[in-house]
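Below: one structure, written as structure tokens.
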Amino acid sequence: MYAFDYQRASDAQGAVKTLSGDADAKYLGGGQSLLAAMKLRLAQPSTLVDVTRIPDLKALFVDGRVVKVGAAVCHADVAENAEVQNALPALAQLAAGIGDRQVRALGTLGGSLANNDPAADYPAAVLALNATVVTDRRRIAADDFFRGMYETALEPDELIVAVEFPVPERAAYEKFKNPASHFALTGVFVAKAADGKVRVAVTGAAPSVFRAQALEQALAANFTPAAARAVTLAADDLNTDLHASAAYRAHLIPVLAARAVTKATG
């Protein structure tokens with residue numbers, strides 16, 4: 001580690017003001033990714049602005065057909081919240097499968113989305129559920145938020161305040177996880193809206209989360225596990241690493257989508 005300043009923000013405006021005046025400052029949520037990067041000196045912020053004690057960012061509630069989760073809400077609180085379990089169980093189950101108990105107790109929704117790790121779970125939920133990312137200055141549609149590996153539409157000093165998840169008719173998430181980190185080697189979130197439209201988001205298989213349009217079309221026509229398994233995906237733009245080849249990930253996506261459909265309709 002190295003010397004840096006630490007500030008605990010009491011409101012969003014104060015946090016944004018600090019970052020606006022210091023190009024090397026960073027927001028600190030759960031710190032599950034940022035602190036590890038700092039230890040490796042891959043990140044060297046001059047100031048860490050802790051946003052986890054801002055009341056508005058800790059809010060978690062269901063408003064009609066929308067689940068609103070504050071950016072500083074930890075994964076464990078999403079997983080264990082009775083309202084979320086009732087209104088959008090797929091989101092609660094996703095949160096319950098992130099990392100281990102310690103990670104879930106500290107990691108936050110906003111931190112996960114701002115970091116946009118290629119194998120993170122939350123981006124799949126945001127994209128498949130067509131959620132809205134609410135910041136201190138605007139509302140960003142899910143399709144516009146994720147730009148690439150560790151890249152989002154956020155400005156350097158822009159702060160995620162909350163995420164609004166529309167409640168679908170059916171939804172489920174399935175992932176093939178790394179046994180050590182529990183990151184998704186491949187994860188698939190399937191959501192069917194009341195109007196019949198289907199969105200399928202894939203994480204862990206490419207440089208950034210993406211929508212699998214072939215699966216969306218197949219499941220919109222026939223929302224069954226068999227329809228998902230019948231889809232064949234090209235491996236051209238998928239990741240190959242020491243854990244799995246691109247071809248293997250291409251095979252996994254329809255398999256996991258089928259399992260998600262089975263869970264969503266069961």
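The values are calculated or read from the model by the stated rules, or taken from the named source; none is laboratory data. Keep in mind that this is a model prediction, so the values were computed, not measured. Positions of Cβ are backbone-derived with ideal geometry, glycine not excepted, and every protein chain shown enters the neighbour counts.
A few points about this structure:
A quick yes/no check of all residues on (1) surrounded by fewer than 16 Cβ atoms within 10 Å (Cβ to Cβ); (2) under 15 Å from the mean Cα position of the chain (by Cα); (3) not in a helix (DSSP H, G or I):
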position	(1), (2), (3)
ALA162	no, yes, yes
THR240	yes, no, yes
HIS243	no, no, yes
ILE253	no, no, no
LEU256	no, no, no
LYS263	no, no, no
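- Taking every residue in region 53-67 that is more than 20 Å from TYR27 (Cα to Cα) and pairing it with any residue that is in a loop (DSSP other than H, G, I, E, B) and of a type outside the set (A, V, I, L, M), at least 6 positions away or on another chain, the pairs with Cβ-Cβ distances below 8 Å are LEU60/ASN81.
- Boolean, ARG249 is within 12 Å of VAL190 (Cβ to Cβ) and either outside the structural domain of THR203 (by TED's automatic domain parsing) or within 21 Å of the chain's Cα centre (by Cα) (or both): no
- Residue check for ALA37: part of a loop (DSSP other than H, G, I, E, B) and either without any contact (Cβ under 8 Å) to a residue 24 or more places away in the chain or under 23 Å from VAL78 (Cβ atoms) (or both): no
- Within region 176-220, the set of residues being among the hydrophobic types (A, V, I, L, M, F, W, C), buried (at least 21 other Cβ atoms within 10 Å of the Cβ) and assigned to a loop (DSSP other than H, G, I, E, B) comprises ALA205, VAL209, ALA212.
- Residue within region 218-238 that is of a type outside the set (A, V, I, L, M) and under 19 Å from the mean Cα position of the chain (by Cα) present: no
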